[in-house]
Amino acid sequence: MKKTLLLILLCSFNFITAQENDEIVKKANEIQTKWGYKAKNKNIITLIDFSKSIEESRLYVIDLKNRKILLTTNVDHGSGSGTGLKPQSFSNNVGSNATSLGCYVTLQTYKGMWGYSLKLNGLESDKNSNALKRNIVVHSSKRMYSKFSLGCFSVPDQNANTLIDLIKDGSLVYAYQ
C-alpha cells in the first residue's frame, strides 16, 4: 500500500511539473510573438516570474525551437521592491533600487564589480526603459552584501556564467508578476 501511494504521489508531481513547464513554454511563445522582432536570437527566451518567492526557482530559460526549459534558477529582486520573499512594488526610476518588469533584450557581456555580467536594454517606455541608465544587468549574487539586488537580476554563482552564456547577444528577457 505504501509503495502504491508513493507511486501515485510521484506520478502526480511529475504531471504537475510537466503541466507547469507547458504553461511556461506557452507564455514564452506569446512573448516571442509580441517582442521577437526586437531579438537577434529568436530561439532563446528568459522568463522571470516575480509572483513566486525569492526562495524558489523563478527564472526560466526556454529553448523555443525544441519547446523545452534549459535552465531554472532562483533570482533576486531589488531592495527597492521590498525585502520580503516577494517584491511588493516595481519601478523604472533611477535610484529606486527596485526591480523593473517588462521585456528586455540582452546586449554584451563584461567583467565588472559583480564579475561576469550581462547588460540589458529595457524595451518598454513605461516599465523598464531606464535599464541602461540604471545599470540593470544579469550577474552572480556571490559578491552581494544581502540577498536583495539594486534592481539587477542576480542569480546564484553556480548558475550565473551558464545563464549569461545561454542568453547573451540578443535574446529576450521578460519579467512579470
For this session: Anything over 27 Å Cα to Cα? Flag those among Lys26/Lys86; Lys65/Lys147; Lys38/Lys65; Lys119/Lys142, in the order listed.
Result: Lys65/Lys147
For this session: Report the label-to-label distance for Glu56 and Gln88 in nanometres (one decimal), using points 7 Å from each Cα along the Cα→Cβ vector.
Result: 2.0
Problem set entry | Extension gain, Asn43 back to Glu124 (0.36 nm per residue minus Cα-Cα distance, nm) | 27.1 nm
For this session: Report relative contact order for segment 106-153 in percent, whole number only (criteria: Cα-Cα under 8 Å, sequence separation at least 6).
Result: 31
Exercise. Among rounded, prolate and oblate, which fits segment 78-177 when a ≥ b ≥ c are the square roots of the eigenvalues of its C-alpha gyration tensor, a/c under 1.5 means rounded, and a/b larger than b/c means prolate?
Worked result: oblate
For this session: Counting other Cβ atoms within 10 Å, keep those with at most 14, restrict to DSSP loop, and tell me which chymotrypsin sites (Phe, Trp or Tyr not before Pro) in segment 76-177 are left.
Result: Tyr145
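Between Asp165 and Glu23, what FRET efficiency follows from the Cβ-Cβ distance if R0 is 25 Å, with the result rounded to 0.05?
E between Asp165 and Glu23, to the nearest 0.05, is 0.45.
In percent, what relative contact order does the chain have, based on Cα pairs under 8 Å that are 6 or more apart in sequence? It would help to have the intermediate numbers written out before the result.
Values: 392 pairs, mean separation 42.8, N = 177.
Reported relative contact order: 24 percent.
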Exercise. Taking square-rooted eigenvalues a ≥ b ≥ c of the alpha carbon gyration tensor, is the chain rounded, prolate or oblate, where a/c under 1.5 means rounded and, failing that, a/b exceeding b/c means prolate?
Worked result: prolate
Problem set entry | Considering only the chain, percent of DSSP beta bridges that pair antiparallel, nearest 5 | 70
Problem set entry | Point-to-point label distance, Arg67-Thr33, nm (Cα→Cβ direction, 7 Å offset) | 1.4
Problem set entry | With Cα atoms, 0 to 90° folded angle of helix 157-167 axis to the chain main axis | 80
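Read the figures in this text as sums done on the coordinates, not as results from a lab. What you are looking at is a predicted structure, and each value in this text was computed from that prediction instead of being measured. Cβ: placed from backbone, ideal geometry, glycine included. Neighbour counts: every protein chain shown.
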